[in-house]
Amino acid sequence: RSRRENQSAVHHYASNLDIDYYRRYRLEQDLHYAIERKQLFLEYQPKVDSWTGKIIGLEALIRWQHPEWGRIPPNDFIPLAEESALHIAIGDWVVETACQAMLDWSSAGADLVPVSVNVSPKRFLIPGFEHQIEQILAAYHLPAELLELEITEAALIMDDPNISRTLEHVSRLGVRIALDDFGKGYSSMVYLQRYPIDVVKIDRQFATHIAEDTKAQAIIKSILYMAKEFNLAVIAEGIETIQQLETFRALECPNIQGYLFSRPVSAAVMESFLIREVLYPIEACSLASDNI
Ligand code: C2E
Ligand code: MG
Ligand code: MG
Ligand code: MG
């Protein structure tokens, strides 16, 4: 650490704020050109059967390769996009890119599984969203069942009749709706009853200490019980270790997603995964080779 850095702590702090402000401003400006300059791309993370490792679905996750700052995580730029109409163009680009990837995987000989995309809560308020989805599916000749929309409670908490109408409409098309990050916020069970939800995604925070935390286990049990009653699919997010996987198996959580099976990967790597169909826990592989 330089002496200068220690001496000018106050000034340093102020200039950090300036940098943050500048960076934010620049990101917002640059984001307008990100699509046309081909700086955005998708990665895909598999969702697997907890017991067999069979790939049962994928989640598409957006990335931005900024020419100066490198990779910008979605949590840093999606909120900026949501401040303007930009999130609409980006959202459409995500759905179309995921649909194109499905066609490519299919031509390569892979059996397709449903792909989910994350949708900004605000998007459900824009009239015509359901038609946009319908048109994209038609243009790519894909059945609606292969597309899943992940929404967070932030969308449902607005309690806007336009949101429920839009959800009902896309749901009637056959598109599946997943409630993302369940357990993170209010997690009202009422949402599961009031909206056409098909899938509950248990928030990553539960996975973190699940093996030791009996209270977290009790919450997972009750979510699973409720999901069964409501006829919902359940998937646990953020599984990183064998211990976590085994705990979710013991709780009879049918599906999981997380670094243990795979980090989000490029469309090309996903193609090889889809052709293989089954994944193995990465940790188990490294443990196995340690034993040799
Ligand atoms: P999310 O939808 O809950 O996505 C899961 C996030 O957890 C992803 O981060 C994923 O890379 C990460 N993850 C998956 N498995 C593990 C694990 O085992 N351990 C840990 N520590 N993390 C794991 P990512 O890609 O940075 O995305 C963050 C959030 O950004 C997403 O959370 C989603 O809310 C938002 N997002 C991503 N792509 C899009 C998009 O295309 N549109 C919109 N509107 N939001 C997006
Ligand atoms: Mg998600
Ligand atoms: Mg999530
Ligand atoms: Mg999230």
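Points worth noting:
- Shown for the chain: the carbon plus sulfur share of the solvent-accessible area, taken with all protein chains present and a 1.4 angstrom probe, equals 52%.
- Annotation: amide H of residue 50 within the under-5 Å range of 255, 256, sequence separation 5 or more or interchain, hydrogens built in the peptide plane.
- Pairs exceeding 23 Å between alpha-carbon atoms, taken from 54/201; 47/228; 54/122: 54/122.
- DSSP bridge pairs, the chain: antiparallel proportion in percent, nearest 5: 45 percent
- Computed with a 1.4 Å probe over protein heavy atoms only, the accessible surface of the range 112-242 comes to 47 Å² per residue.
- Gyration tensor verdict on the chain (Cα atoms; rounded if a/c is under 1.5, prolate if a/b is larger than b/c, oblate otherwise): rounded
The values are calculated or read from the model by the stated rules, or taken from the named source; none is laboratory data. It should be emphasised that the depicted structure is a prediction, and the values quoted were computed from it without experimental measurement. We work out accessible area using only protein heavy atoms, side chains counted, and drop any ligands, DNA or RNA first. Shrake-Rupley method; radii C 1.70, N 1.55, O 1.52, S 1.80 Å.
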